[in-house]
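See below for the structure under consideration.
Nothing in this text is a laboratory measurement; each read-out follows from the coordinates by a stated rule. All values reported here derive from a predicted model rather than from experimental measurement. A quick note on method: Cβ atoms are made from the backbone with ideal geometry, for glycine too, and the neighbour counts reach across all protein chains shown.
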Amino acid sequence: MNRSVALMEARPAGLALKQLMVATGLSAHHVRKGLNHIKDVAALEHLTPLTYTRKDGYQFPVNPADWITHEIAVLSSEFNRISRIITATIAPHAAARPEDGFAQLALEHVSGMKAGLAMAPMLGAQEQGPGGTGSLRFVPPGES
């Protein structure tokens, strides 16, 4: 059986890696490969967003608010990682070697990524749009 199909059928409802191994009979390696396939291909094909939290494990939640919470958490984490690579490595490299084209290009590129990711925490509460569908609205930092 295809790894991702086994995982989709297991419908992880708050299952950690070891629990998914037991539920599917797959090894840790195959569960990880299947999860990667779901993330890369199957979630979009089947319109089943996959989320993960330390507390609840892997899930296919049906509530869009859960998807948004996961998306904001992941994007915020990536924002922090990119901020740190800029301040720890790329900016000092670019300042120490202003003639280094790679350093300057890298600084511009990751600064653009950082700016885009900075928007994630500003996306906020979900409100009901026409037909009961959820839509995002901008919520300035500090407001809820």
Kindly provide the trypsin sites (Lys or Arg not before Pro) of the stretch 31-70 that DSSP labels as loop, not H, G, I, E or B, and whose Cβ sees at most 13 other Cβ atoms within 10 Å. Arg54, Lys55
Taking 7 Å along the Cα-to-C-beta vector as the label spot, tell me the Ala115-Ala28 distance in nanometres, rounded to one decimal. 4.2
Placing each pseudo-label 7 Å from Cα in the direction of the beta carbon, Ala95 and Thr69 end up separated by a distance in nanometres of 4.0
